[in-house]
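Colleague: Below you'll find the structure I mean.
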Amino acid sequence: MNERGSQSLMDQETLDRRVQAGETPQWVADHWDSFQEGLLGERNNSPFPCFFGAESVAAGEPLYTAVPSMSDANALLTLRDRVLEYLDVYQDHAGRASLVTFFKPPEDPLSEREYHDALWHILQTLHLHDPEPWPEDIPTDPDDKHWEFCLGGEPMFPTCRAPFYDTRKSRYCPIGLEITFQPRALFENLNVTAEYEAGQRARDVIQDRLEEYDGVCPHADLGDWGVDGDREWPQYMLSSDEEQAPTECPITVTRDHPKPAARLS
């Protein structure tokens, strides 16, 4: 799991050691510094809103990979392999082990619209090259309240940080795109999904912290999976400027997509 190279799957200790030893590209080191500062620091005298994420990073639980392009086919196919590898090992690694992916920043700054396009290109590519069928119990229509992104047969919640967030600093990364993949099973194992009282309490705490941390009201698109009126896909990359964000989910999901064998390398 901890082989050398920017596209390997790394535990947090290995990532930090490689960064400190100068064994990673500078953009990976910059991402790591920004990620730690964002998750473990404070803003407006308030800690990072998602206390599960902050506690997990403090405990060294997440797994990490770095992707040298947001569009290159080989880089995205390797990302697919890393996500599949992560799904095989995360439950044995730690109870709150999400997968944090750092993307190499573009040479020229991108607009918010271009970051939305990049995210959905990445997710569409992962779906088209998923070796497993789309789960039978998950709808293929993103406008269904029970839809969520899936890979390797696992429903998951990918959430982004990006450079275009001027006010919502909880989603801000000055370096480039970051996607954190969180399997639904991770939330279910912690009993923090919407149907549990603990999940409802956690949402209330996170939303209170969001308002303190960001200095603005929580985003209107924030919601819970399976709740009437809430949708998953707009939450993956919350809009800052509504005119630059998609109004419909820009992914096509089919149950009979190509299923090439996983290329673990």
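What follows is calculated from the coordinates using simple rules that are stated; it is not laboratory data. Computed from a prediction, not measured in an experiment: that's the story for all the values here. Neighbour counts are summed over all protein chains in view; Cβ atoms, including those assigned to glycine, are modelled from backbone coordinates with ideal geometry.
Colleague: Report, by chain and number, residues whose modeled amide H sits under 5 Å from the one on Val67, excluding near sequence neighbours (fewer than 5 apart, same chain).
Modeller: Here Phe102, Phe103, Lys104 satisfy the definition.
Colleague: Ranked highest first by the average count of other Cβ atoms within 10 Å around their residues, in what order do 108-119, 245-256, 64-75 fall?
Modeller: Highest-to-lowest ranking by the protection proxy: 64-75, 108-119, 245-256.
Colleague: Over the chain, calculate the relative contact order: mean separation of alpha carbon pairs under 8 Å at least 6 apart, over the residue count, as a percent.
Modeller: 23 percent
Colleague: So what's the back-of-envelope 222 nm ellipticity for the chain, counting only DSSP H runs of four-plus at -39500 (n - 2.57) apiece and dividing by all residues, rounded to 500?
Modeller: Value at 222 nm, helices only: -11500 deg cm²/dmol.
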